[in-house]
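Colleague: Supplied in structure tokens, the structure appears directly below.
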Amino acid sequence: MNILGTFAELAQGLGVTLALFALTIVCSIPLGFLGSHVSLGKNKPAKFIYNIYLVVMRGTPLILQVLFMYFGLNLVGVHIGRFESALLSFVLNYTAYFSEIFRGGIQSINRGQYEAASVLGLSKGLTMRRIVIPQVFKIVLPSLGNEVINLVKDTALVSIIALGDLLKIAYSASMREANIMPLVAAAVFYLAINAVVSLVLKKIEKRMNYYRI
């Protein structure tokens, strides 16, 4: 078994996995927060369309969405790369879940706080930034954390479209070398990523403890 060569391959696959993970987080959390306002808004046509999107994204398997985004779009003449189609699938899927998490957090804020802010002369934007958002993130952080950890594991689904992520590279190396160690190494990498993510989430939660609900 070529240890150095296999490790280099795994490192390349790890880079793809981390890029997919990071870009999904960066895109889907802000989009989810904006989407929660659509769900809570008064525009009925927008709410209706958005609710259909939520039903589709949350009601179908992510692996099916990945397949559809890559093979389905290419069949109808929309040609996008493996990584781009995987990223689009993940962003659309996780935006839906984050949106519902944020919606629940916003709805948990007592209406009296909005009224008090209005009495104090605070604008809606300032009320949202200074009063609502800090409390919402404090409330939803555990749920967001669970979804972020799930995302690390879900990135392995992109191997279904032959994207060279960590799992795909590890599986190919394991079959080529007739050795289970590449898969063991991949498992260690996934565990390490989740350990780092969990540590970061705990530090964020600790820093937000000043804001008692």
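The values are calculated or read from the model by the stated rules, or taken from the named source; none is laboratory data. Keep in mind that what you see is a predicted model, and the values were worked out from it rather than measured. Heads up, the Cβs are rebuilt from the backbone with ideal geometry, glycines too, and the neighbour counts pull from every protein chain shown. Heads up: the accessible areas ignore ligands, DNA and RNA and are worked out on the full protein's heavy atoms, side chains in. Shrake-Rupley method; radii C 1.70, N 1.55, O 1.52, S 1.80 Å.
Colleague: Taking the stretch 69-96 as the search range and keeping residues that are out of contact with any Leu (no Cβ under 8 Å at 6 or more places or on another chain) and outside any helix (DSSP H, G or I), which one is nearest to Ala156 (Cα to Cα)?
Modeller: Going through the qualifying residues, I end up with Gly81.
Colleague: OK, next. List the number of the failed condition for Ser108; all other conditions in (1) surrounded by 13 or more Cβ atoms within 10 Å (Cβ to Cβ); (2) among the small types (Gly, Ala, Ser); (3) closer than 30 Å to Val197 by Cα hold.
Modeller: The single condition Ser108 does not satisfy is (1).
Colleague: Consider Ser99 carefully, then state whether it is open to solvent by less than 20 Å² (accessible area, probe 1.4 Å), farther than 13 Å from Leu31 by Cα and outside any loop (DSSP other than H, G, I, E, B).
Modeller: no
Colleague: Let me confirm something: among Leu88, Leu31, Leu18, which residue is modelled with pLDDT of 95 or more, out of contact with any His (no Cβ under 8 Å at 6 or more places or on another chain), closer than 30 Å to Ala178 by Cβ and open to solvent by 40 Å² or more (accessible area, probe 1.4 Å)? Step through it out loud before you land on a result.
Modeller: Values: Leu88 fails: closer than 30 Å to Ala178 by Cβ; Leu31 fails: closer than 30 Å to Ala178 by Cβ.
Answer to the check: Leu18.
Colleague: Taking the conditions exactly as written (within 13 Å of Tyr97 (Cα to Cα), in a helix (DSSP H, G or I) and either out of contact with any helix residue (DSSP H, G or I) (no Cβ under 7 Å at 6 or more places or on another chain) or open to solvent by less than 40 Å² (accessible area, probe 1.4 Å) (or both)), does Thr24 satisfy them or not?
Modeller: Criteria met by Thr24.
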